[in-house]
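Report on the structure given below.
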Amino acid sequence: MSGLDHTHVLLATLGGQPQVVTFTLDLLLQRNIPISEVNIVHPAAKPDSSMGRSVERLIAEFPGDRYKRDGRIIHLRRHVLRYYGQPLDDIVDETGADGALNTMYELIRSLKQRQCTVHFSITGGRRLVSFLSISAAILSFDHADRIWHIYTPEAVQLRVRGGEDMHALPGDGIRLIEVPLARLSQTLLSQLLDANTSARELIHSQKELVEAEEHARCKQVVDGATPRQRAVLEAFAKGLHPQEVAEQLCISNTTVSAHTTVLLDLCRNAWPSREKERRDYRFLQLKFARYSHAYEQSIPHKR
């Protein structure tokens, strides 16, 4: 099935400038992308608030599920950020961030289960919601989905502020910029779409997996090192510089350098090297700092 056989939907975070949504929609339609549904996501809004007015202006653009600008059928769907079913009017702590993340993740997952191709506009609304939305997209997007940012010249921003002008004029210089996005493998993506878990749980599981892999690589290096080399590694893991390592262990700078060379050779076997990547003692500090406490208990202290 090709991308054009899918239902193409625009997903957009909404703030106080509703024209961001219509600007994005107009530019996508100009590219002959057949958007048939617009989903907007926003915090809970009172009718007399800036957010409430933004929602009302957008609703007015889609009377009877028709896009007022050209009359084509486009369905408008609204989604309020929630935490365990309770509307969120702002994100002030990690609980709110979890709610926003899961709202976005569940919405995107439901669109993907409908076989929709998603065009995600992250320009509008709170910046934190955009960041959380990108995390949700990474967990759900396939190769056909896109994330878009809209560039609007400052003069145009001043003219349309407040949502009075919902459509750009010819020559305004508004442009869509595709945001590069790393995607999960299709096998893992299929598993996640079928999983009944929250976005936070999925991210935590991925983090645990990465940390376990890093721990295994660190252990491989430690197991391959001599006691003297382990002592140097322990010192680097505490953040010491080569001169400080020499002073603490009462050895010469030349000896520190020799041990460092061996440790880095062991690291090259544990971590694949990228072309032209330069590694020195700072690589040891970065990779082993989180494990220094464990090493203090396991690395022999006999010099």
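Summary of computed values
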read-out	value
Theoretical FRET efficiency, 1/(1+(r/R0)^6), r = Cβ-Cβ of ASP280 and ASP93, R0 51 Å, to 0.05	0.80
Built amide H within the under 5 Å cut-off of ARG82, gap 5+	LEU88, THR103
Relative packing of peptides 128-134, 29-35, 245-251 - highest average C-beta neighbours within 10 Å first	128-134, 245-251, 29-35
Protection proxy ranking of 254-261, 18-25 - average other beta-carbon atoms within 10 Å, highest first	18-25, 254-261
Long-range amide H partners of HIS75 with built H, under 5 Å	GLU37, VAL38
Within the accessible area of the stretch 10-106 (1.4 Å probe), percent carbon and sulfur	48 percent
Cβ-defined net charge surrounding ASP48, 14 Å radius [Lys, Arg +1; Asp, Glu -1]	+1
Label point distance in nm, ILE73-GLU178, each placed 7 Å from Cα along Cα→Cβ	2.9 nm
Where N is the number of residues in the stretch 12-134, Cα Rg divided by 2.2 N^0.38 Å	1.03
Accessible area in the full protein assembly, largest first, 1.4 Å probe, for ARG159, ARG279	ARG159, ARG279
Spin-label zone in the stretch 51-94 - amide nitrogen under 18 Å from a point set 7 Å from the Cα of HIS167 along the C-beta vector	57-76
Long-range HN-HN contacts of GLY16 with modeled amide H, under 5 Å	GLY125
Inverse of mean 1/r across different Cα pairs in the stretch 228-277, Kirkwood, Å	11.4 Å
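The values are calculated or read from the model by the stated rules, or taken from the named source; none is laboratory data. All of these numbers come straight from a predicted model, not from anything done at the bench. Cβ: placed from backbone, ideal geometry, glycine included. Neighbour counts: every protein chain shown. Areas reflect the complete protein model, heavy atoms only, side chains present, ligands, DNA and RNA absent. Shrake-Rupley method; radii C 1.70, N 1.55, O 1.52, S 1.80 Å.
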